[in-house]
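K.L.:
Here it is, the structure in full.
The values are calculated or read from the model by the stated rules, or taken from the named source; none is laboratory data. Computed from a predicted model, the values in this text were never measured in an experiment. Please note: Cβ atoms are built from the backbone with ideal geometry, for glycine as well, and neighbour counts cover all protein chains shown. The area values use the complete protein model at the heavy-atom level, side chains included, leaving out ligands, DNA and RNA. Shrake-Rupley method; radii C 1.70, N 1.55, O 1.52, S 1.80 Å.
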Amino acid sequence: MNLPSTRSLLTVFALAFTTPVINAQDQSGGLSWTLCNDTLELIETTIISADESAIVGIDQFGIRTTYAIDDLFFALPSSDRAHRPPDPELDPIQVPPIVEPETRFAPTRYLSLVDGQIIQGRLLDSNDPDALQLVLYAGNSTVGNATLSLEQLRVMTDAPPMLADDFSTQFPDADTVVTKNNDRLVGFIESIGSPEHTASISLDSAPDQAPISIALDQIKSITMANPPEFVPGMYITTSDHLRLRVSSFDFNFREPMSIVVDATSLGLDSTSSSPNEITWQLPPNAPAGITIQQTDARVVALASITPSLIEPTGDRDWTPTPFVVARHTNPVLSTIDLRAPVRAIYPVPKGASRFACELVAQINTWTDCVAHVEAIDRSGNRTELLTQRLHADHPSQTLNARLEPRTTQIEIRIEPGELGPIQDRVLLVKPRLLIES
């Protein structure tokens, strides 16, 4: 996939509009998806099919529309499908079952890699202390053996990890092992899976002592002090909690999904004509998300940023801290709950160029307030993005505005209206920032 350095506007083609009755075949996805484009617009559609070039969706009126992949940041089911276990009863194709190895010392793990991929595998005994040996699983089948350097691993856990992207510069100073009885060991991981299905760690608290070996089936998680690595490209999330970088994909929810994975990044041996790529066939119900990591832009959730100032407005002496209602499929879809009149200032990353959200007042008998949103630059200059009274006759307002260059802060201010501060609760629904480099 060649990601353009200058992103074009969203390309939309209305392909057909014949009748408001949607053909049953067109509804085979069965779920509404949310698409986020490069102007931060959130689009609800039922996906008919998708591949590496475009998504074809159909709306509630039966209008079929094509969305160019290069103009999107992500596409996710509107419900949290990515965190539901696969249902073999709904899988229309026959796949071989996972064959459990006879040894009890090889538990299945989820591995989060430094490049943001998430894989599932069973650890094997390794003769190389600097490498992991695994059998990889996807869907209901084994997809190959892999060899990964310990430097590629960020987290290994026995539970599905969060699927949020995190390419910040913050990462642990030391490796950490958490055991099944919640003991926490901090130090330097010498090996994982060698010898005899154990992990070996040299403790920071006892640098002169020999490394401690712990059986893998007694370990809940391992976190490595490896910095994250941003790798542009397309990433597919699956219903069994995987996240894979792909060069191409194709799905329509009726036939097996086909994806071409980056074999080298997963440590797989390729026997295909393309030595760095391997094609996997996954069940039709496998698609659970598409993420496009652009080279020159990204979307950031305001909910993931800690406000630098929180203070009451009006005559109040105290206000509750804004509460984040998180969405674990993608933090961009989270909501910030402003439970009383408040002034909150959020620092924004360098390169912020657009801000979007929906402000929704939780209407009760006394709800009547005025919402202000302003952008502040490094010199303290302010630009008004929105001023809107929210009450029973106008309970919500959508905002999608360009930010002035060198914007450093966003201020959200809820002022009591004519009826005072009682029941002036406002939700910032899916507040999001466009960051351009």
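K.L.:
Can you work out the accessible area per residue across the range 185-316, with the rest of the protein chains kept in place, probe 1.4 Å, in square angstrom? Can you show the working numbers first?
P.N.:
Values: 5380 Å² over 132 residues.
I get 41 Å² per residue for this part.
K.L.:
What GluC sites (Glu not before Pro) in the range 346-437 are in a loop by DSSP, with at most 10 other Cβ atoms within 10 Å of the Cβ?
P.N.:
Values: sites: GLU358, GLU374, GLU384, GLU411, GLU418, GLU436; in loops: GLU418.
Answer in residue order: GLU418.
K.L.:
Same structure, new question: Does the range 199-240 come out rounded, prolate or oblate, given a ≥ b ≥ c as the square roots of the eigenvalues of its C-alpha gyration tensor, rounded meaning a/c under 1.5 and, failing that, prolate meaning a/b above b/c? Intermediate values should be presented prior to the final figure.
P.N.:
Details: a/c = 5.21, a/b = 1.92, b/c = 2.71.
Since a/c reaches 1.5 but b/c is at least a/b, the shape of the range 199-240 is classed as oblate.
K.L.:
With the Cα gyration tensor of the range 295-437 in hand, give its eigenvalues times 5 under a square root as the equivalent ellipsoid semi-axes, listed largest first in whole angstrom. Before the final figure, lay out the partial values.
P.N.:
On the way: eigenvalues 126, 51, 37 Å².
Ellipsoid semi-axes (Å, largest first): 25, 16, 14.
K.L.:
Something else: Ranked from the most accessible area to the least, with a 1.4 Å probe and all protein chains present, what is the order of LYS180, LYS430? Display every interim value, and only then the final one.
P.N.:
On the way: LYS180 100, LYS430 50 Å².
From most exposed to least exposed: LYS180, LYS430.
K.L.:
For GLN60 and ARG339 in one chain, what is 0.36 nm times their gap in residues minus the Cα-Cα distance, to one decimal in nm? Can you show the working numbers first?
P.N.:
Working: separation 279, 0.36 × 279 = 100.44 nm, distance 3.33 nm.
Going from the current span to full extension adds 97.1 nm.
K.L.:
Can you put TYR110, TYR235 in order of accessible area, largest first, using a 1.4 Å probe?
P.N.:
On the way: TYR110 25, TYR235 0 Å².
Listed by decreasing accessible area, they come as TYR110, TYR235.
K.L.:
Tell me the carbon and sulfur percent of the accessible area for the range 185-286, rounded to whole percent, probe radius 1.4 Å.
P.N.:
Numbers: 2050 of 4190 Å².
Reported share for carbon and sulfur atoms: 49 percent.
K.L.:
How much of PHE61 can a 1.4 Å solvent probe reach, expressed as accessible area in Å² and rounded to 10?
P.N.:
Taking all protein chains as shown, PHE61 has close to 120 Å².
K.L.:
Sort the following peptides by mean Cβ neighbour count (other Cβ atoms within 10 Å, averaged over residues), highest first: 207-220, 115-128. If you can, show how the numbers build up before the last one.
P.N.:
On the way: 207-220: 14.3, 115-128: 19.2.
Order by mean packing, descending: 115-128, 207-220.
K.L.:
With a point put 7 Å past each Cα toward its Cβ, work out how far THR295 is from VAL324 in nm, to one decimal.
P.N.:
So the label points at THR295 and VAL324 sit 3.1 nm apart.
K.L.:
I've got another one for you. In debye, nearest 20, what is the charge dipole magnitude of the range 238-300 about its Cα centre with +1 on Lys and Arg Cβ and -1 on Asp and Glu Cβ, if you could check? Numbers along the way, then the final one.
P.N.:
Values: 4 positive and 7 negative charges, 40 e Å.
Charge dipole, the range 238-300, about its Cα centre: 200 debye, nearest 20.
K.L.:
Rank ASN400, PRO322, ILE414 by how far each Cα sits towards the positive end of the charge dipole of the range 314-419 (+1 on Lys, Arg Cβ; -1 on Asp, Glu Cβ) and give me just the farthest.
P.N.:
ASN400
K.L.:
On to the next question. Calculate what fraction, in whole %, of the accessible area of the range 330-420 sits on carbon and sulfur atoms when a 1.4 Å probe is rolled over the protein chains. Spell out each step's value before the answer.
P.N.:
Details: 1690 of 4020 Å².
Heavy-atom surface of the range 330-420 belonging to carbon and sulfur, 1.4 Å probe: 42 percent.
K.L.:
At 1.4 Å probe size, with no ligands or nucleic acids counted, give the accessible surface of SER308 in Å², nearest ten.
P.N.:
For SER308, solvent-accessible area is about 80 Å².
K.L.:
For the full complex of protein chains and a 1.4 angstrom probe, list HIS241, HIS394 by accessible area with the highest value first. Kindly include the intermediate steps, with their values, before the conclusion.
P.N.:
Values: HIS241 20, HIS394 65 Å².
These residues rank, largest area first, as HIS394, HIS241.
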